[in-house]
Amino acid sequence: SAKYCPILTNHKSMESLFIHLIIRGDKDEHAVLCNEDETYDLKIADTSNLLLFVPGCKTPDQLPDISASPQLVHAQIWGFSNCYWELRRQRPRLKKLKKLLMENPYDGPAVGMQEEAPGPKYTMDDLLERIQASREEIEAHLQNVHACEIDGFWRILDFDYEMKLLGHVTQLVDSESWSFSKVPLSVCLEELGSLEPKSMIEHCLNCYGRRYSNEDGQVIYALDEDKVCRATAQLLLQNAVKFNLSEFQEVWQQSVPEGMSARLDQLRGLALLDRSSKPETISLLRIEDLPEDTLERFNSLFSLREKWTQDDIEPYIQDLCGEKQTTGALLTKHARSSVQNGVKVYNSRRPIAT
């Protein structure tokens, strides 16, 4: 649950300014402090200096010059403390957000007399109560997971339904012989509105394209080749434990819209290649399915594969880097390096339970 703490402070012009700080966390979670756009870890720190709470306390620069005639000022002390809250900027804890939304994914409007399947739904206020992150961080992640607001509730689309929407759009682009960079919103809504809700068509375009206006003021979308190819690959990989790499690349290229190029670098953080196996294979490994905690993340990765090259492991640890921290520094701290067949590889510093 969230605890709101309005803090009154002073800025440079000495006008009063309220900053709303919110302590968030369920009973089984370590509390964090959030403002509108950042999240901080909370820790109690002891100090050898006695901290005094003095109402109306003035700093030396606020006092008149009394060097000529020093005066003793009597102050009332309201309380004291030998400790304080130490704040450290941290990554928002957002894994729970998708978990909540996946309890009841949206797979399209109810057909005929059929009612939508029952399940929990969450407003933005509900998510702010449950997720240990700031509002801006939550809003950004909702966009990353392609969630949308339906009837006041934030919903994540069932992936098969999302791909159905994308298929309608790409088929229309092909039938109209449009450029992928010039997809008109109005025509899409007119042509596809009888198949799916117009709001869902527009949402799909927002997820897989960049919105802009042409010289006539018409809303146009430029489809993102990398996003479309990546989603197509996920659709193929989610139905197989492992895929022969060369066969997968052939099927993948055939599955993406004609004119788009499927490349392996589009799959960073989504799929894992095993070039040591014969034949080479590829399998689904989404970064969002890995633990948020740094130590648990490394344990999970090293339980999947004993030795990693930096190129292979980097997409799966990039998000763990703090401010001014590199993946190299993370690997130095949590992994041991060695050279295997002339290639630098990393393995765990500690035994991994199998």
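The values are calculated or read from the model by the stated rules, or taken from the named source; none is laboratory data. Values in this document were obtained by computation on a predicted structure and should not be read as measured data. Positions of Cβ are backbone-derived with ideal geometry, glycine not excepted, and every protein chain shown enters the neighbour counts. The protein model used for the area step is the full one, side chains on, heavy atoms only, and it has no ligands, DNA or RNA in it. Shrake-Rupley method; radii C 1.70, N 1.55, O 1.52, S 1.80 Å.
A few comments on the model shown:
- Residue in region 73-90 that is exposed (fewer than 14 other Cβ atoms within 10 Å of the Cβ), charged (D, E, K, R) and in contact (Cβ under 8 Å) with a residue 60 or more places away in the chain present: yes
- Screening SER181 against (1) among the small types (Gly, Ala, Ser); (2) touching a residue at least 24 places away in the same chain (Cβ under 8 Å); (3) assigned to a helix (DSSP H, G or I) leaves a single unmet condition, (3).
- Inter-residue pairs, beta-carbon under 7 Å, first within 16 Å of ASP311 (Cβ to Cβ) and assigned to a strand (DSSP E or B) and in region 321-341, second of a type in the set (Ser, Thr, Tyr) and open to solvent by less than 60 Å² (accessible area, probe 1.4 Å), 6+ apart: ALA335/TYR346; ALA335/SER348; SER337/TYR346
- In region 119-138, the residues that are touching a helix residue (DSSP H, G or I) at 6+ places or on another chain (Cβ under 8 Å) and either open to solvent by 30 Å² or more (accessible area, probe 1.4 Å) or part of a loop (DSSP other than H, G, I, E, B) (or both): PRO120, ARG130, ILE131, ALA133, ARG135
- Unmet requirement for LEU205, which otherwise passes all of (1) more than 22 Å from the chain's Cα centre (by Cα); (2) crowded, with 16+ Cβ neighbours inside 10 Å: (1)
- Of the residues ALA110, ALA133, the single one that is of a type in the set (A, V, I, L, M, F, W, C) and out of contact with any strand residue (DSSP E or B) (no Cβ under 8 Å at 6 or more places or on another chain) is ALA110.
- Of the residues making up region 139-171, those that are in contact (Cβ under 8 Å) with a residue 40 or more places away in the chain, of a type in the set (Phe, Trp, Tyr) and not in a helix (DSSP H, G or I) number 1.
- As for region 52-71, it holds at least one residue that is exposed (fewer than 12 other Cβ atoms within 10 Å of the Cβ), at pLDDT 85 or above and over 30 Å from LYS96 (Cβ atoms).
- Index of the failed condition, LEU304 passing every other in (1) modelled with pLDDT of 95 or more; (2) open to solvent by 80 Å² or more (accessible area, probe 1.4 Å): (1)
- Any hit, region 216-224, residues being in contact (Cβ under 8 Å) with a residue 40 or more places away in the chain, more than 22 Å from the chain's Cα centre (by Cα) and more than 20 Å from LEU267 (Cα to Cα): yes
- Just one of the listed residues (SER300, SER348) is touching a Pro at 6+ places or on another chain (Cβ under 6 Å) and polar (S, T, N, Q), namely SER300.
- Residues of region 201-248 satisfying the condition of being of a type in the set (Asp, Glu) and in contact with a Leu (Cβ under 8 Å, 6 or more places away or on another chain): GLU202
- Within region 101-113, not a single residue is among the polar types (S, T, N, Q), surrounded by 10 or more Cβ atoms within 10 Å (Cβ to Cβ) and within 23 Å of CYS34 (Cα to Cα).
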